[in-house]
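Following: one structure in structure tokens, then a few remarks.
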There are 2 protein chains.
Amino acid sequence: MKKPLIFITNDDGVNALGFRTLVEAAGRIGRVIAIAPETTQSGKAHAITMYSPLYLRQVRKEGDVEVYACSGTPVDCVKMAFDHLLADNYPDISLSGINHGSNSAISVIYSGTMGAAIEASFYGRPAIGLSLADEHSNADFTAAAIVAEKIVRDVLGKVDELPLCLNVNVPAVPYEDIKGIRLCRQNRGHWKESFVCRQDPRGVDYFWLTGEFFNSEPNSEDTDEWALAHNYVSVVPIQTDLTNYGQLESLSGIIG
Amino acid sequence: MKKPLIFITNDDGVNALGFRTLVEAAGRIGRVIAIAPETTQSGKAHAITMYSPLYLRQVRKEGDVEVYACSGTPVDCVKMAFDHLLADNYPDISLSGINHGSNSAISVIYSGTMGAAIEASFYGRPAIGLSLADEHSNADFTAAAIVAEKIVRDVLGKVDELPLCLNVNVPAVPYEDIKGIRLCRQNRGHWKESFVCRQDPRGVDYFWLTGEFFNSEPNSEDTDEWALAHNYVSVVPIQTDLTNYGQLESLSGIIG
């Protein structure tokens, strides 16, 4: 059987440990072509670069693994793959991550990792965003790599339903403490910020954004937050129709 | 009756004509406090600024209108409003736009205009993203301003259902040619890019991203794309649960 072609990107940048870990894990499954951002792109969501051009450079090529760096956002990296580098040879699956820090609940819409996974799924092949609930640059990705490899093999071998986009979050515990993998829905809640205000050397105020997540339903056992908090891997299948169908009818006669 | 407090932001930047038009239209309804990005932030989606601080400066204050510029993204502007400038006095409604260019269909997830509107809705007050289907910097916003004023008054006076977030797109035709306002669902389809490759003065390739929208259902009369193409204003109520509930069951036993 022909080795699958696996595309990889991330939002922590081409040098991140989580990315290098994922490239290595994917290399055990198939051929790998990766395009990661040159620098950290955390929190870049689904952003694309419209007002500056993009650069692409090859970082390394060894055996069946090719790694490139792109000057843009995670979504730019995906477009650069599907509409340029791999335009004539779409990958069998796309992976994004492994992110340093979880992307559960509403974080999915701020996350560059998930922005890239969602974008890749638009091209008609499965895409998986992978995140570890540990934001440190030297986090231990051992368990996450095992989980990633298992889920990628499951999707490649068994899933026919497309489009497929998965948001996978792995708790920050040793592999033997992970209780299993749970299919979940996105937890409700929102981020609220506290701005830290300081003065620059010229005496002008500047602000650092520092958020805190408010969980609207901490006891709902079918959510990704609950799964992570109880040492399960959470897997949320993702769709991108933002229509609030419930309100379509109730707004009729009020708007318009 | 006390004048409502209206918060305004956008993604084309504080000097954009569509933004100035919206500030003026909103000023006819209530008090206005606006924070717009210093520079264009088109395509910035739901991006937040994590690795640099933010600056905020007052641009002008005249009567009941205050305008600020922020060095960050549209979502940063919203957070700066709700978690700093207006933290003790939430606005009654938030508006984002009027964008130069439509944000119908899947463009909602790339759009800085809609990123800001969605973020504002998280704070429990209604939020409306407004876009005109004309991307030129000198577009004629006359009709869009009338539509904006009407919808804002409708929402302020009559809508109790929260959270409320609306994606409003106005066709680029004179007001008398607009056939009405339609509640719609988000059109299915995706963007595909063609990269324009050039060489910089040092002989290195660089790429410009230039997308084209592929409409998967051009004849569906209940979509925002159809409404716009037929000279209706489209209004899509927005929600942010990305869970693909249809796949939750079908993936059971395959993943995990």
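Some notes on this structure:
- Residue match in region A:136-152 (condition: under 17 Å from A:Tyr90 (Cα atoms) and at the interface with another protein chain (Cβ under 8 Å from one of its Cβ atoms)): no
- Meeting the requirement of 3 or more residues that are away from every other protein chain (no Cβ under 14 Å), buried (at least 24 other Cβ atoms within 10 Å of the Cβ) and at pLDDT 95 or above, the strands (runs of 3 or more DSSP E) wholly within region A:17-132 are A:31-37, A:93-100.
So that you can scan it fast, the table gives a plain yes or no per residue for (1) facing another protein chain (nearest Cβ under 7 Å); (2) at pLDDT below 95; (3) closer than 30 Å to A:Lys158 by Cβ:
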{"site": "B:Leu209", "(1), (2), (3)": "yes, yes, no"}
{"site": "B:Trp226", "(1), (2), (3)": "no, no, no"}
{"site": "B:Val233", "(1), (2), (3)": "no, no, no"}
{"site": "B:Thr240", "(1), (2), (3)": "yes, no, yes"}
{"site": "B:Glu249", "(1), (2), (3)": "no, yes, yes"}
{"site": "B:Gly253", "(1), (2), (3)": "no, yes, yes"}
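- B:Gly157 in contact with a His (Cβ under 9 Å, 6 or more places away or on another chain) and either surrounded by 24 or more Cβ atoms within 10 Å (Cβ to Cβ) or farther than 17 Å from B:Ile181 by Cα (or both): no
- Residue, farthest from A:Val78 (Cα to Cα), within region B:185-198, restricted to residues that are facing another protein chain (nearest Cβ under 8 Å) and in a loop (DSSP other than H, G, I, E, B): B:Gln186
- Reported count of residues in region B:156-184, each being among the acidic types (Asp, Glu) and assigned to a loop (DSSP other than H, G, I, E, B), is 2.
- Test: residue in region B:150-165 that is closer than 30 Å to A:Tyr123 by Cβ, among the acidic types (Asp, Glu) and touching a Gly at 6+ places or on another chain (Cβ under 9 Å): no
- Of the residues screened, B:Phe213 is not one that is surrounded by 20 or more Cβ atoms within 10 Å (Cβ to Cβ) and not in a loop (DSSP other than H, G, I, E, B).
The values are calculated or read from the model by the stated rules, or taken from the named source; none is laboratory data. Nothing here was measured: the structure is a model prediction, and the numbers come from that model. Quick reminder, even Gly has a Cβ in these numbers, built from the backbone with ideal geometry, and neighbours come from all protein chains shown.
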